[in-house]
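So the structure is just underneath, and the comments pick up after that.
Values in this text are rule-based calculations from the coordinates and carry no lab data. Everything numeric here is computed off the predicted structure, so don't read it as measured data. Here the Cβ positions follow ideal geometry from the backbone for every residue, glycine too, while neighbour counts run over all protein chains shown.
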Amino acid sequence: MVIKYLGTAAAEGMPAIFCRCALCEKARAQGGKNIRTRNQILIDGDTLIDFPMDSYMHALTYGIDLSAIENVFITHAHMDHCYPQDVTMRGAPFAHNMTRPVINFYGNEKVINKFIEHTRDELKPAAKESIRLHTLKPYDVVETGGMKVTALPARHTVGEDCLLYSIEKQGKTALIMNDTGVLDESVYDYLEKCGTRFDFVSFDCTYGSGGGQMKRHMGLLDNIAERERMKAHALVHEKTVYVITHFSHNSSLMHDELAALAEKNGMTAAYDGMETDI
């Protein structure tokens, strides 16, 4: 399973879109891995986790054929993870000779309603015919293209069934935790009963080196604690790979600083374009 981080920032990007704080000015000056677009992950070239407003930029930057994407699993309805307006371009007269005739979008009820409402005025018949919308609830399972995806409850927006995803393919299992605080113990109990063992874990690390406050995001302190909980529930093994992502400029950490902190704690700090084969 090849996991590629297309974007690794929180909603405001890094440097933040309108910000001139010291961190953002330094990121603009230094560039490179300090430039972060909105969070998105590509799996094996045909599956996306989240569909932010930067999806088009990601396609240009990394040579991705968006018409070849078969499945998109969306975590929640915030625009940096769910930007349905772009799918109005999927079909004539805007798109021709697409690689796949149909794309599947999976998400909670609020995500699906956002797709419907935000594309209603501009979705032409050709595009509408090429899009399939699938509503997911926590603990729903999708099997598609040799891949098993389990939707798990995230802790993020009150009043919305925000999701994270467990992905199993070709004997490997990855846990993608975008936009979530620490998980409820019931999630760990469920995974333990299922006999799940993760080879790869991607943590929300919006708060950088901080955390520990039981909020709607995590920081490195939470990531370390969650890893210990996973070990206690036998959900990981000695070779499991741990990655942190979804960084905010408010953490005041440049990439090299994040990378050093992550490495010190047995993890890797993701950057835009980073690719891992598990």
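A few comments on the model shown:
- Hey, GLY208 touching a helix residue (DSSP H, G or I) at 6+ places or on another chain (Cβ under 8 Å) and within 21 Å of THR75 (Cα to Cα) or not: yes
- Pairs where the first residue, in segment 252-278, is free of Cβ contacts under 8 Å to residues at least 40 places away in the same chain and in a loop (DSSP other than H, G, I, E, B) and the second is surrounded by 15 or more Cβ atoms within 10 Å (Cβ to Cβ) and among the hydroxyl-bearing types (Ser, Thr, Tyr), C-beta under 7 Å, 6+ apart: GLY266/TYR242
- Complete set of residues in segment 237-248 that are buried (at least 22 other Cβ atoms within 10 Å of the Cβ) and either among the basic types (Lys, Arg) or on the phi < 0 side of the Ramachandran plot (or both): VAL243, ILE244, THR245, PHE247, SER248
- Identity of the residue in segment 115-141, in contact with a Pro (Cβ under 9 Å, 6 or more places away or on another chain) and among the hydroxyl-bearing types (Ser, Thr, Tyr), that ends up nearest to MET53 (Cα to Cα): THR119
- Selection over segment 185-219 of residues that are within 19 Å of the chain's Cα centre (by Cα) and part of a loop (DSSP other than H, G, I, E, B) gives a count of 9.
- The single residue among VAL236, VAL241 that is out of contact with any Pro (no Cβ under 6 Å at 6 or more places or on another chain), in contact (Cβ under 8 Å) with a residue 40 or more places away in the chain, farther than 21 Å from CYS162 by Cα and of a type in the set (A, V, I, L, M, F, W, C) turns out to be VAL241.
- Residue in segment 107-115 that is buried (at least 18 other Cβ atoms within 10 Å of the Cβ), more than 20 Å from the chain's Cα centre (by Cα) and in contact (Cβ under 8 Å) with a residue 12 or more places away in the chain present: no
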